Amino acid sequence: MKKTMNTSFACMLGAAAGVALAAPAYAQDFPERAIEYIIPFNPGGESDITARMQEPMMEEALGVGVNVRHQPGGGGAVAWAEFQGNAEPDGHEIIGINLPHIVGQPIQRDNAGYETEGFDIITWFHFTPHVLVVRADSPFQSLEDLVAFAKENPQSLTVGGSGTFSGNHLETLRMEQLTEADVTYIPFTGTGPLPAAILGGHVGAVISNSTLGVQMGDDVRVLAVAAEERLDVLPDAPTFTELGYDIVGGTFRGVAAPKGTPQERIDMLADLFTDMNETMAERQVPMGFQMTDIRGQAAVDLLARLRDQYGDFLTQ
């Protein structure tokens, strides 16, 4: 059955609203008031959809309200800068963070407005490999078709993605480097606007997350997946590696608190996100999400590894 992003995600949200979460033991003095949960992208993308699923479970577990607020702009940079400058380090304000966005932007911008290490990472709870998609009726039947056109017609092919110096943008740059294609990257304020952009013909292709490829179903053709192996949710889509290009990457999605937040509150929130992931996995994995539980020193190490990896690439 053909699926679209809006209908599939709407069903997923509706199902999540009725899920009960067994609450861990929390400190009696936290939280004292509602939790502000900032999403640095537009509604409709993976970060928003996941936060909306998490919201009722967080409220039930914590016993306070959770306000999900969107603050798009700059591929996440607007919200991350304001958060580092203004949020109180008491655990009542948290924000969605993405890799490699928070390493790529400070490397490439003279003043990104925030520092890569300026967060207390609670956890990285998702990973979504990148995919290259075109509309189902596109003349590009394969990656080779797209690359050949982009070589013969420099900068005439537009490729949409979420944000600048984000995972989508960096993967586009990597594809250009390895294939010698010459495309024009068009940034959007999140994944949410991308389905309309590709279906409306506003861009010729999109580099996004595996979730978009799954949810758009027969409306698009997935030309390549940036994974080491084919994905179970997109079994007919070849990997870039199969096609001769060493492109493996995606977006890690997580949540952070302000620098200096008490460690016991970081740990408590991390436990909650782990429990929510276990509850959501049955619904989210078939949608293209890969559930992760990367916290503590492992979360810091992942950040450092990707900072070095993308730093080497971007400074070549």
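The values are calculated or read from the model by the stated rules, or taken from the named source; none is laboratory data. Quick caveat, the model's predicted, so the values are computed rather than measured. Glycine gets a Cβ as well: all are built from the backbone with ideal geometry, and neighbour counts include every protein chain shown.
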Original post:
Does at least one position in region 43-63 carry a residue that is assigned by TED's automatic domain parsing to the domain that holds residue 270, in contact (Cβ under 8 Å) with a residue 40 or more places away in the chain, buried (at least 20 other Cβ atoms within 10 Å of the Cβ) and charged (D, E, K, R)?
Top reply: yes
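Residues are listed down the side, and each one gets a yes or a no for (1) acidic (Asp, Glu); (2) under 23 Å from residue 59 (Cα atoms); (3) touching a Gly at 6+ places or on another chain (Cβ under 7 Å):
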residue: 214; (1), (2), (3): no, no, yes
residue: 222; (1), (2), (3): no, no, yes
residue: 234; (1), (2), (3): no, no, yes
residue: 239; (1), (2), (3): no, no, no
residue: 255; (1), (2), (3): no, yes, yes
residue: 263; (1), (2), (3): no, yes, no
residue: 279; (1), (2), (3): no, yes, no
residue: 291; (1), (2), (3): no, yes, no
Original post:
Quick one: would you say residue 227 is touching a Phe, Trp or Tyr at 6+ places or on another chain (Cβ under 9 Å), modelled with pLDDT of 95 or more, crowded, with 16+ Cβ neighbours inside 10 Å and in a loop (DSSP other than H, G, I, E, B)?
Top reply: yes
**OP:** Go through (1) crowded, with 21+ Cβ neighbours inside 10 Å; (2) at positive phi; (3) in contact with a Ser or Thr (Cβ under 6 Å, 6 or more places away or on another chain) one by one and return the number of the condition residue 155 breaks.
**Re:** (1)
Original post:
Of the numbered conditions (1) surrounded by fewer than 24 Cβ atoms within 10 Å (Cβ to Cβ); (2) within 28 Å of residue 283 (Cα to Cα), residue 130 satisfies every one except a single condition; which is it?
Top reply: (1)
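Is there a residue in region 163-179 that is farther than 22 Å from residue 105 by Cα, out of contact with any strand residue (DSSP E or B) (no Cβ under 6 Å at 6 or more places or on another chain) and of a type outside the set (Lys, Arg)? If you could, list the steps in order and put the result at the bottom.
We begin by selecting, within region 163-179, every residue farther than 22 Å from residue 105 by Cα; these are 179.
Of the ones still in play, those that are also out of contact with any strand residue (DSSP E or B) (no Cβ under 6 Å at 6 or more places or on another chain) are 179.
Add one more test, that the residue is of a type outside the set (Lys, Arg), and what stays is 179.
Yes, there is a match, as at least one residue in region 163-179 is farther than 22 Å from residue 105 by Cα, out of contact with any strand residue (DSSP E or B) (no Cβ under 6 Å at 6 or more places or on another chain) and of a type outside the set (Lys, Arg).
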